[in-house]
Structures are given as C-alpha cells and as structure tokens.
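Reviewing the structure listed below.
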Amino acid sequence: ADKAPEDRPYTGKDPGNQKTIARTFTGQPPLIPHTVEDFPAITLEENVCLICHGPENYKDQKAPKAADSHFKDRDGKTLPEVSPARHQCTTCHVPQADTRLLVQNTFKGVVDAKKK
C-alpha cells in the first residue's frame with residue numbers, strides 16, 4: 001500500500017534565527033528558512049509575512065525585504081502596497097522540512113554544479 005510519509009517539522013523554528021537557504025536555480029524564489037506552522041492564514045485583509053518583510057519593518061526585524069517587484073502592477077507601475085498578484089506569499093515561497101525525497105530524481109541545481 002502506498003502511504004503518505006509521516007509529518008516532519010519544518011527545519012527552522014522561530015523567525016529571525018536562521019540563515020537564508022541558498023537558491024539552486026536562476027529565478028528561484030527565496031525559500032522560507034523558518035516555520036510558518038502557527039501563522040494565521042494570509043487573507044485579503046491580513047498578511048503576517050509583511051509584518052517582518054514589509055518595507056516599514058524589515059530593517060528593524062533584520063529580515064529580507066519583500067522584493068520591489070512585489071510592489072508593481074502588471075503594467076510595471078509602482079504601488080504603495082504589495083500587488084494583489086503577489087499577496088499570497090506561500091504560492092512561491094515555501095518553508096523547508098528535513099526529510100527524504102518523496103520522488104527520486106537527478107536534479108542538479110546551479111549551486112550543486114558550482115561545488116563540483
């Protein structure tokens with residue numbers, strides 16, 4: 001029988017205590033190095049990611065700032081807030097878990113290629 005693997009905890013604990021995770025290919029969105037397990041859901045009214053990563057607080061929080069591209073509309077016009085098209089952070093940015101591969105593959109990222 002094909003069973004789902006057991007749940008594994010995210011590799012990082014509370015935000016602010018982890019190093020960034022190296023990207024493995026050009027254009028890869030940054031990975032989330034901390035847990036998001038107990039965070040409230042991102043809604044139209046609230047996005048808790050921006051509490052630390054928004055332009056007002058990222059320096060005080062010592063967090064990476066949301067990219068400038070997140071503050072542009074589809075025509076390239078700069079917006080005062082995160083574009084609605086970029087409001088759901090975990091569509092592209094994902095937390096990591098220390099677990100075995102679910103599907104075997106031979107992917108070699110740019111970072112891996114530079115190490116050899």
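The values are calculated or read from the model by the stated rules, or taken from the named source; none is laboratory data. Please read these numbers as outputs of a predicted model, since none were measured by experiment. We place every Cβ from the backbone using ideal geometry, glycine too, and count neighbours over all the protein chains shown. We work out accessible area using only protein heavy atoms, side chains counted, and drop any ligands, DNA or RNA first. Shrake-Rupley method; radii C 1.70, N 1.55, O 1.52, S 1.80 Å.
Condition check ((1) open to solvent by 100 Å² or more (accessible area, probe 1.4 Å); (2) in a loop (DSSP other than H, G, I, E, B)) across all residues:
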site	(1), (2)
E37	yes, yes
L50	no, no
E56	yes, yes
L101	no, yes
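With respect to being open to solvent by 100 Å² or more (accessible area, probe 1.4 Å), of a type outside the set (V, I, T) and under 13 Å from the mean Cα position of the chain (by Cα), R23 fits the description.
Against the test of being under 30 Å from K3 (Cα atoms) and free of Cβ contacts under 8 Å to residues at least 60 places away in the same chain, the options T106, T99, T43 yield a single qualifying residue, T106.
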